[in-house]
Amino acid sequence: MLGRYFYHQIFRKSIIAFGSVFNNIVVKRKVPGVKEQSTLESFKVPIQYGPYQKYLAMIAAEPTPERQGVQITLPRMSFEIKGLSYDGSRKVSPTTFMKSLPTEDSVQTKKPVQYKQYMPVPYNLQVELSILSKNQDDGLQIIEQILPYFHPSVNVSIEIIDETHEERDIAIVLDGVNYTDDYEGDYSQRRTLIWTLNFTVKTYLFGPIDVEKDIRKVTIDYRTDIVRRPAELRYSAEVESTDEPPIPRDEINPRVDSYRVVETFEDIYSDDQDFFGLS
């Protein structure tokens, strides 16, 4: 069962979708030396994947000859995965299949095919978003631009499976907000305010994709229990092209070619087709 390679990059796509929700936040400050209160300067808050402790270490690091007094700018945001758990409340039947038709540019053979895979398995990603600022007003500006949109979730639509172009709405749920004033030492030390927002990203995991051909002919044999004349009846249904010249059965494209379904009934053990009204 295990050992068949597949990789849909679902966790990667989910975490990228999470980061894209917060990639356009702006902080405005009064321009130093300008008396007009309406004059503001804007800063787009950068966001990166990784633990916020890394940026705190960069702030506290001593300058080197290669790094002459250069420090990272605040405010900035970072996010990282904190955990993964199964979500039983969104469970669906594990033996149910999903089927979809490939797009025209993805068909690798002239014979019509369709994709088949099992229903997805729901999993929750725990993600932590950290907001670092050097003054209180910057942090409050960022928080106020985020919290009104979460009541308590925001849905983001992403294309989970590239081959089948399967799209799903991923719910990003805000679980809680924490605040830390990371200030130690004397007045010469730099102050860092940290807002921590905990989220749950409700994503789905899909298994491997199977490619199978369309069913173009069906044959069913069934027996009767008539004592004086036991028989075996056969029912068949077959796709037949109505184009001129006719297209071979396995090459008919149901989306563009015209066709019909031909049904036949016969008693395969007797030439007397009138006995069961088959003639």
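Is there a residue being assigned to a loop (DSSP other than H, G, I, E, B), of a type in the set (Asp, Glu), over 19 Å from the mean Cα position of the chain (by Cα) and at pLDDT below 95 anywhere in the range 182-194?
First pass over the range 182-194, keeping only residues assigned to a loop (DSSP other than H, G, I, E, B): 183-191.
Still in the running and of a type in the set (Asp, Glu): 184, 186.
Going one step further and asking which of them are over 19 Å from the mean Cα position of the chain (by Cα), we end up with 184, 186.
Retained after the next criterion (residues that are at pLDDT below 95): 184, 186.
Taking every residue of the range 182-194 in turn, at least one turns out to be assigned to a loop (DSSP other than H, G, I, E, B), of a type in the set (Asp, Glu), over 19 Å from the mean Cα position of the chain (by Cα) and at pLDDT below 95.
Name the pairs: first residue in the range 123-143 and assigned by TED's automatic domain parsing to the domain that holds Gly88 and farther than 20 Å from Pro51 by Cα, second residue among the small types (Gly, Ala, Ser) and surrounded by fewer than 17 Cβ atoms within 10 Å (Cβ to Cβ), Cβ to Cβ under 9 Å, at least 6 apart or on different chains?
Once the first residue is assigned by TED's automatic domain parsing to the domain that holds Gly88 and farther than 20 Å from Pro51 by Cα and sits in the range 123-143, its partners that are among the small types (Gly, Ala, Ser) and surrounded by fewer than 17 Cβ atoms within 10 Å (Cβ to Cβ) give Tyr123/Ser85.
Considering only the range 196-215, I want to know if a residue exists there that is modelled with pLDDT under 75 and either out of contact with any strand residue (DSSP E or B) (no Cβ under 6 Å at 6 or more places or on another chain) or not in a strand (DSSP E or B) (or both).
no
Does the range 221-266 hold any residues that are assigned to a strand (DSSP E or B), modelled with pLDDT of 85 or more and not hydroxyl-bearing (Ser, Thr, Tyr), and which are they?
Ala237, Glu238, Val239, Glu240, Arg260, Val261, Val262, Glu263
Scan Leu129, Leu147 and give me the residue that is at pLDDT 90 or above, in a helix (DSSP H, G or I) and within 27 Å of the chain's Cα centre (by Cα).
Of the residues listed, the single one that is at pLDDT 90 or above, in a helix (DSSP H, G or I) and within 27 Å of the chain's Cα centre (by Cα) is Leu147.
Among what's in the range 143-152 and is surrounded by 15 or more Cβ atoms within 10 Å (Cβ to Cβ) and touching a Leu at 6+ places or on another chain (Cβ under 9 Å), pick the residue that is farthest from Leu40 (Cα to Cα).
That would be Phe150.
Go through the residues of the range 105-120 one by one and say whether even a single one is modelled with pLDDT of 85 or more, among the β-branched types (Val, Ile, Thr), within 30 Å of Gly207 (Cα to Cα) and in the same structural domain as Met77 (by TED's automatic domain parsing).
Scanning the range 105-120, I find no residue that is modelled with pLDDT of 85 or more, among the β-branched types (Val, Ile, Thr), within 30 Å of Gly207 (Cα to Cα) and in the same structural domain as Met77 (by TED's automatic domain parsing), so the answer is no.
Which condition from (1) exposed (fewer than 11 other Cβ atoms within 10 Å of the Cβ); (2) modelled with pLDDT of 90 or more; (3) assigned to a loop (DSSP other than H, G, I, E, B) is the one that Arg12 breaks?
(3)
Could you check how many residues of the range 113-142 are surrounded by fewer than 16 Cβ atoms within 10 Å (Cβ to Cβ), within 16 Å of Leu197 (Cβ to Cβ) and in contact with a Leu (Cβ under 9 Å, 6 or more places away or on another chain)?
Of the residues in that region, 1 qualify.
Which count do you get for residues in the range 82-97 that are assigned to a loop (DSSP other than H, G, I, E, B) and loosely packed, with under 10 Cβ neighbours inside 10 Å? Lay out the reasoning, then the answer.
Taking the range 82-97 first, the residues assigned to a loop (DSSP other than H, G, I, E, B) are 87, 91-96.
Remaining after also requiring loosely packed, with under 10 Cβ neighbours inside 10 Å: 93, 95-96.
Number of matching residues: 3.
Which of the residues that make up the range 196-218 are over 25 Å from Asp162 (Cβ atoms) and of a type in the set (A, V, I, L, M)?
Leu197, Ile215, Val218, listed by residue number.
Taking the range 47-61 only, how many residues are surrounded by 17 or more Cβ atoms within 10 Å (Cβ to Cβ) and at pLDDT 80 or above?
Total satisfying the criteria: 1.
Consider only pairs whose beta carbons are under 6 Å apart and that are at least six residues apart or on different chains; among these, list those whose first residue lies in the range 24-46 and is within 21 Å of Thr73 (Cα to Cα) and whose second residue is at pLDDT below 70 and of a type in the set (Val, Ile, Thr).
Val31/Thr39
The values are calculated or read from the model by the stated rules, or taken from the named source; none is laboratory data. Predicted model only: the values in this text are computed from it and were never measured. Reconstructed Cβ throughout: ideal geometry from the backbone, glycine too, with neighbour counts over all protein chains shown.
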